[in-house]
Amino acid sequence: MEKKELLFLIDDRIQKIRQIAEEYDLENRGYIAFSGGKDSTVLSDLVDRALPDNKIPRIYSNTGLDYLEIQRFVRQLANEDERFFIIRPKKDIKKTLAEYGYPFKSKFHSHICDIYSRQGKTGCVLKYAEPKTNTPHSCPKILQDMFNKPLPFKISEKCCYKFKKEPFAIYEKESGRHIGLTGMRRAEKGLREQLKCLVFDGDKLHRFHPLAPMDDDFIESYMNHFQIRLCVLYYAPYGLKRTGCVGCPYERNLQKELDTLEKLLPNERAKAEFIWNPVYTVYREMGYRLKS
């Protein structure tokens with residue numbers, strides 16, 4: 001991205017943050033949902049440039065599913081900056097996944113699978129699973145049989161909610177801060193393609209996504225321009241593109257990620273195999289995302 005365009009977009013986002021901060025009192029009512037990844041790190045820096053000396057808390061939910069290096073990165077930030085806080089969901093990972101469902105392929109696919117398990121082949125299920133015309137948003141042929149022969153474990157998109165959103169909801173109730181700022185972007189595709197900058201709960205602002213319209217080029221250019229420090233996992237020899245939950249089944253390049261973990265972070269690879277074993281087993285049987 002050319003510097004002139006980058007500076008224009010940065011100024012645009014800064015003005016937007018200042019506008020929302022003034023209108024909704026982000027200083028006293030807001031918090032940043034901090035994941036330790038690229039987008040939330042950029043967001044935190046951007047908020048500081050828009051609102052110098054702000055005291056807005058940065059909240060990290062240590063789900064137990066994150067990379068250990070991400071956890072170390074956040075702890076280091078918390079030691080350096082009193083605005084960083086770490087919260088923890090009080091849930092057993094394996095039991096919660098078995099009860100509420102495992103992630104499979106994508107959030108949208110998992111959502112449709114959950115509907116199918118409870119309501120059968122409703123209109124939205126048929127539209128996705130048995131499309132009259134295949135589109136990029138249709139169920140891949142290799143997975144369509146899932147809607148005729150259900151898998152031996154539950155599938156849903158609730159994983160992210162139980163381990164991430166729910167702890168933040170508890171934090172909001174206890175802190176009185178009900179406006180969550182996130183680094184989510186439409187460019188991440190999937191359910192986030194329709195993401196709005198502002199999300200209201202009734203007449204109250206509930207979520208603010210300042211980076212919603214920004215693409216990957218902006219994120220990379222911003223980090224390079226301001227020399228933003230990231231977790232070591234983004235650099236050689238790891239070179240990870242994402243640092244969400246270890247080995248998340250939603251990852252499109254899952255085999256490549258697991259191969260990297262096998263070589264450089266074998267304990268993390270073992271952790272992923274343990275947590276996501278039911279999904280990985282089916283992926284391998286189908287020859288989908290993982291080698292059989």
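The values are calculated or read from the model by the stated rules, or taken from the named source; none is laboratory data. Here the structure is a predicted model, which means the values were calculated and not measured. Using ideal geometry, Cβ is built from the backbone for each residue, glycine included, and neighbour counts are taken over all protein chains shown. Just so you know, the surface numbers come from the protein's heavy atoms only, side chains and all, with ligands and any DNA or RNA stripped out. Shrake-Rupley method; radii C 1.70, N 1.55, O 1.52, S 1.80 Å.
Would you mind checking the radius of gyration and Dmax of segment 61-193 based on alpha-carbon positions, in Å?
18.1, 56
Can you work out ³J(HN,Hα) from phi for every residue in segment 26-43, in order, using Karplus 6.51 cos²θ - 1.76 cosθ + 1.60 and θ = phi - 60°, giving whole Hz and x for Gly and Pro?
4, 4, 10, 10, x, 8, 9, 7, 9, 9, x, x, 4, 5, 6, 5, 5, 4
Taking the Cα centre of the chain as origin, work out the dipole magnitude from +1 charges on Lys and Arg Cβ and -1 charges on Asp and Glu Cβ, in debye rounded to 20.
For this selection, approximately 1080 debye.
Can you give the angle from 0 to 90° between the axis of helix 266-275 and the longest principal axis of the chain, with both taken from C-alpha atoms, to the nearest 10?
Orientation of helix 266-275: about 60 degrees from the principal axis.
For a quick size check, give me the Cα extents of segment 22-77 along its three principal axes, largest first, whole Å.
Here the Cα extents, ordered largest to smallest, are 37, 19, 17 Å.
Tell me, what is the FRET efficiency for residue 274 and residue 235 to the nearest 0.05, using R0 = 30 angstrom and their Cβ-Cβ distance as r?
Taking R0 as 30 Å, the efficiency between residue 274 and residue 235 is 0.65.
Of the options 144, 168, 98, report the single residue whose Cα projects farthest towards the positive end of the charge dipole of segment 73-187 (beta-carbon charges: Lys, Arg +1; Asp, Glu -1).
144
Give me the net charge of residue 154's neighbourhood, meaning all other residues with Cβ under 14 Å from the Cβ of residue 154; Lys, Arg count +1, Asp, Glu -1.
Working: positive: 94, 95, 118, 158, 162; negative: 99, 114, 157.
Local charge sum for residue 154: +2.
Please turn the phi angles of segment 226-236 into ³J(HN,Hα) values with the Karplus equation 6.51 cos²θ - 1.76 cosθ + 1.60 (θ = phi - 60°), one per residue in order, whole Hz, x for glycine and proline.
Values, residue by residue: 9, 6, 6, 7, 10, 4, 4, 5, 7, 10, 4 Hz.
Can you tell me the length gained on complete extension of the stretch residue 115 to residue 199, counting 0.36 nm per residue apart and subtracting the Cα distance?
Difference between extended and current length: 27.8 nm.
What is the helix-to-structure angle for 107-119, meaning the angle in degrees between its Cα long axis and the longest Cα principal axis of the chain, kept from 0 to 90 and rounded to the nearest 10?
50
Rolling a 1.4 angstrom probe over the protein chains, ignoring ligands and nucleic acids, what is the accessible area of residue 124 in square angstrom, nearest 10?
Its heavy atoms expose roughly 60 Å² to the probe.
What full-extension length gain, to one decimal in nm, is calculated for residue 25 and residue 12 as 0.36 nm per residue of separation minus the Cα-Cα distance?
Roughly 2.8 nm would be gained on extension.
Going by amide H atoms built from the backbone, whose H comes under 5 Å of the H on residue 155, apart from near neighbours?
It is 102, by chain and number.
Can you give me the Rg/Rh ratio for segment 110-173, using Cα atoms for both radii and the Kirkwood formula for Rh?
Ratio value, two decimals: 1.11.
Which log10 I(q)/I(0) values does segment 1-115 give at q = 0.09, 0.12, 0.21 Å⁻¹ under the Debye formula, counting every alpha carbon as one identical point scatterer?
For segment 1-115 at q = 0.09, 0.12, 0.21 Å⁻¹, log10 I(q)/I(0) is -0.37, -0.62, -1.12.
Give me the net charge of residue 142's neighbourhood, meaning all other residues with Cβ under 15 Å from the Cβ of residue 142; Lys, Arg count +1, Asp, Glu -1.
So the environment of residue 142 carries a net charge of +4.
Which are the unpartnered cysteines of the chain, meaning those with no other cysteine Cβ under 4.7 Å from their Cβ?
113, 124, 139, 159, 160, 197, 231
Nearest 10 degrees is fine. How inclined is helix 3-24 to the longest principal axis of the chain, computing both from alpha carbons?
80
Using a Gaussian network for the chain with springs between C-alpha atoms less than 10 Å apart, which of these wobbles most: 261, 143, 46?
Result for the chain, Cα springs under 10 Å: 143 fluctuates most.
Pick from 234, 31, 102: which residue has the top mean-square fluctuation in a GNM of the chain where Cα pairs under 10 Å get a spring?
Between 234, 31, 102, it is 234 that shows the largest mean-square fluctuation.
Counting every Cα pair in the chain, what percent are over 28 Å apart?
Above the 28 Å cut-off, the chain has 42 percent of its Cα pairs.
Roll a 1.4 angstrom probe over the protein heavy atoms and tell me the percent of accessible area of the chain that is carbon or sulfur.
Carbon plus sulfur share of accessible area: 51 percent.
Given a 1.4 Å probe, how much area per residue of the chain is accessible, in Å²?
Ligands and nucleic acids excluded, the result is 53 Å² per residue.
Build a GNM of the chain with springs between Cα atoms under 10 Å: which of 104, 226, 153 gets the top mean-square fluctuation?
Between 104, 226, 153, it is 226 that shows the largest mean-square fluctuation.
Roughly how much of residue 137 is accessible, in Å² to the nearest 10, using a 1.4 Å probe?
About 120 Å², rounded to the nearest 10.
Using a cut-off of 14 Å between beta-carbons, work out the net charge of the residues near residue 228 (Lys and Arg +1, Asp and Glu -1, residue 228 not included).
-1
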